[in-house]
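Novice: This is the structure I have questions about; it appears just below.
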Amino acid sequence: MGEVRFDFFKALGEFFIHAVNLIGLCRKAKCDFTISVVAKQNVKLTARLLDEHVQRLRACALCPKMHKPVVSGGAVVSKVMLVGQAPGDKEPIMGRPFAWTAGRTLFRWFTDAAGMSEEQFRSSIYMAAVCRCFPGKKATGGDRVPAPDEVEQCSAWLKREVEILKPELVIPVGKLAIEQFIPPQKLNDIIGKKMRVMYAGHEFDLIPLPHPSGASPWHRMEPGKTLLKQALKMIAEHPAFRERL
Ligand code: SF4
């Protein structure tokens, strides 16, 4: 029968290795716990700041020519922001952005490209705009384009939203919205592309979309059709967007 020998120093060495591993695991668990508590507190703070922000926004009366009420999609805490241009005449009645025909097209794009329903979209993505009030009709028909001073006034709301939410992805819809983030360019040159943009002291991905209204046929004709598909695919595959699904 072989002799079984107890090697004290070997056992002591193994004990120390296990003890060090155990301490490491405990430290990591404590660290993970602390990180998750801090993350939860940050989400709570962001939600409170955004809630207060939306209440102040809804009471805004800075532009005398703009029609009331202010249109807001509500205080949805999200790392994805959609930025429209300005509400039409139906949105103030319906009480939410993209509530009419352009909205139907916009939400169909997201349902087709990402399987996201309109309600899922509204409840998981923050919906901002260049101007939050209906500008009124032009004498010649159609909606009035917001004046530069109105765009400037309303940009303070948008900047604050970027500061609060620190988005990872911003989706500007239509030329006026796109031009808040990058210099004016042809839709052919920017739709279907992802850009890294700095705005209000925060850096994020920008994937522009054309406006879904029937006023411009750009997205229904080539190359617009293909470029729009590319842009929607990029959005659907973006990590910040996928997290919302
Ligand atoms: S357009 Fe913007 S800045 Fe002007 S009144 Fe409406 S919310 Fe206020």
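Every number in this text was worked out from the coordinates using simple rules, so none of it is lab data. From a predicted model like this one, the values you see are computed outputs, not experimental measurements. Virtual Cβ from ideal backbone geometry, glycine too; neighbours counted across all protein chains shown.
Novice: On a 0 to 90 degree scale, rounded to 10, what angle separates helix 101-114 from the longest Cα axis of the chain?
Specialist: That works out to roughly 30 degrees.
Novice: Next question. Considering only the chain, what is the antiparallel percent among its DSSP beta bridges, to the nearest 5?
Specialist: Numbers: 7 of 18 bridges.
Here the antiparallel bridges make up roughly 40 percent for the chain.
Novice: HN-Hα J couplings of region 115-121 from phi, Karplus 6.51/-1.76/1.60, θ = phi - 60°, integer Hz, Gly and Pro as x?
Specialist: With the stated coefficients, region 115-121 comes to x, 9, 7, 4, 5, 4, 4 Hz.
Novice: Now for a separate question. Excluding residue 84 itself, calculate the net charge of residues whose Cβ lies under 15 Å from the Cβ of residue 84, where each Lys or Arg counts +1 and each Asp or Glu counts -1.
Specialist: Details: positive: 90, 96, 104, 122, 132, 175; negative: 89, 91, 118, 143, 150, 161, 179.
Local net charge: -1.
Novice: Just rank 65, 79, fewest to most, by other beta-carbon atoms within 10 angstrom. Walk me through the intermediate numbers first.
Specialist: Working: 65 12, 79 20.
Exposure proxy ranking, most exposed first: 65, 79.
Novice: Work out how much length residue 27 to residue 11 would gain on full extension: take 0.36 nm times their residue separation and subtract the Cα-Cα distance, in nm to one decimal. Don't skip to the end; give the middle numbers.
Specialist: On the way: separation 16, 0.36 × 16 = 5.76 nm, distance 2.42 nm.
Additional length available on full extension: 3.3 nm.
Novice: Given the -39500 (n - 2.57) contribution per DSSP H run of 4+ residues, what per-residue ellipticity at 222 nm results for the chain, rounded to the nearest 500 deg cm²/dmol?
Specialist: Taken over the chain, the calculation gives -15500 deg cm²/dmol.
Novice: Give the dimensionless ratio obtained when the Cα radius of gyration of region 60-242 is divided by 2.2 N^0.38 Å.
Specialist: On the way: Rg = 15.3 Å, N = 183, 2.2 N^0.38 = 15.9 Å.
In units of the globular-protein estimate, region 60-242 measures up at 0.96.
Novice: I would also like to ask the following. DSSP beta bridges in region 97-243, what fraction antiparallel, as a percent rounded to 5?
Specialist: Values: 6 of 9 bridges.
The antiparallel fraction comes to roughly 65 percent.
Novice: Who wins for biggest fluctuation among 27, 122, 104 in a Gaussian network model of the chain, springs between alpha carbons below 10 Å?
Specialist: Greatest mean-square fluctuation among the candidates belongs to 27.
Novice: Check which residues have an amide H placed less than 5 Å from residue 129's amide H, if you skip close sequence neighbours.
Specialist: 84
Novice: Related question: Explain nothing, just compute: Karplus ³J(HN,Hα) = 6.51 cos²θ - 1.76 cosθ + 1.60, θ = phi - 60°, for every residue of region 133-150 in order, whole Hz, x for Gly and Pro.
Specialist: My calculation for region 133-150 gives 10, 6, x, x, 8, 7, 4, 8, x, x, 7, 5, 6, x, 6, x, 5, 6 Hz in order.
Novice: Among 71, 130, 197, which comes first, second and so on when ranked by fewest other beta-carbon atoms within 10 Å?
Specialist: 197, 130, 71
Novice: Exposure proxy check: 170, 54, 77 ranked by fewest other beta carbons within 10 Å?
Specialist: Numbers: 170 28, 54 19, 77 16.
Result, fewest neighbours first: 77, 54, 170.
Novice: Considering amide H positions built from the backbone, and no H for Pro or chain starts, which residues 5 or more places from residue 194, or on another chain, come under 5 Å of its amide H?
Specialist: none
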